[in-house]
Amino acid sequence: MNFLIENWLLIAAALVSGGLLFWPMLRESASAGGVSPQEAVRLINREKAVVIDVCEVAEFAAGHVVGARNVPLAKLEGAKEVPSNKTLPLVVVCASGARAARAVATLQKAGHANAQVLAGGMRAWREAGLPVETSAA
């Protein structure tokens, strides 16, 4: 017991450092509602997934996933850019993932069971060092 009292600062430092080791796992579980950028690349390359970017036109022009189709969230229902093949995997992306989550709900109601959010959005895509293209607005 004396050891604990006399070395409280060392024990506190050990607990804090242990907590910091678990922080990345906690962050990943909080964003478990979508696919990681690496999983999205796998879906695109192996399963021919289509990337749907639900950002506004100006945001899309500033930078998007290479080959993505731009369908702003407000125009998503009935858009021609959304594949008619409802079994095709869709990766839905926006700047942070919030609009994409709403878009996935809309797509799933329309029968696209394989629609998934890119967890972290374009921010996570860029942080992963994956290619981004720009276009004229």
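The set of residues in the range 72-101 that are in contact (Cβ under 8 Å) with a residue 24 or more places away in the chain and over 16 Å from the mean Cα position of the chain (by Cα) comprises Leu76, Glu77, Glu81, Val82, Pro83, Lys86, Thr87, Leu88. Of the helices (runs of 4 or more DSSP H) lying entirely inside the range 52-137, the ones with 2 or more residues being over 17 Å from Pro37 (Cβ atoms) are found at 57-62, 98-109. The residues of the range 84-133 that are β-branched (Val, Ile, Thr) and touching a Gly at 6+ places or on another chain (Cβ under 9 Å), listed by number, are Val91, Val92, Val93, Val104, Val117, Val132.
Scanning the range 102-137 for residues that are among the hydrophobic types (A, V, I, L, M, F, W, C) and without any contact (Cβ under 8 Å) to a residue 12 or more places away in the chain gives a single hit, Ala105.
Taking the criterion of being under 16 Å from the mean Cα position of the chain (by Cα) and loosely packed, with under 15 Cβ neighbours inside 10 Å, the only residue of the range 60-71 that qualifies is Val66.
Entry remark, the range 76-95: residues being surrounded by 13 or more Cβ atoms within 10 Å (Cβ to Cβ) and among the basic types (Lys, Arg) number 1 in total. Each residue in the range 9-26 was checked for being surrounded by fewer than 10 Cβ atoms within 10 Å (Cβ to Cβ) and either touching a helix residue (DSSP H, G or I) at 6+ places or on another chain (Cβ under 7 Å) or modelled with pLDDT under 65 (or both), and 2 of them qualify.
Could you tell me whether the range 53-60 includes any residue that is in contact (Cβ under 8 Å) with a residue 40 or more places away in the chain and over 17 Å from Gly120 (Cα atoms)?
Yes, there is a match, as at least one residue in the range 53-60 is in contact (Cβ under 8 Å) with a residue 40 or more places away in the chain and over 17 Å from Gly120 (Cα atoms).
Can you say whether Asn70 is modelled with pLDDT of 95 or more and in contact with a Ser or Thr (Cβ under 9 Å, 6 or more places away or on another chain), as far as the supplied structure shows? Criteria met by Asn70.
When Ala105, Ala136, Ala124 are checked against the criterion of being surrounded by 19 or more Cβ atoms within 10 Å (Cβ to Cβ) and not β-branched (Val, Ile, Thr), a single residue qualifies: Ala124.
The values are calculated or read from the model by the stated rules, or taken from the named source; none is laboratory data. Computed from a predicted structure; not experimentally measured. Note that each Cβ is placed from the backbone with ideal geometry, even for glycine, and that neighbours are counted across all protein chains shown.
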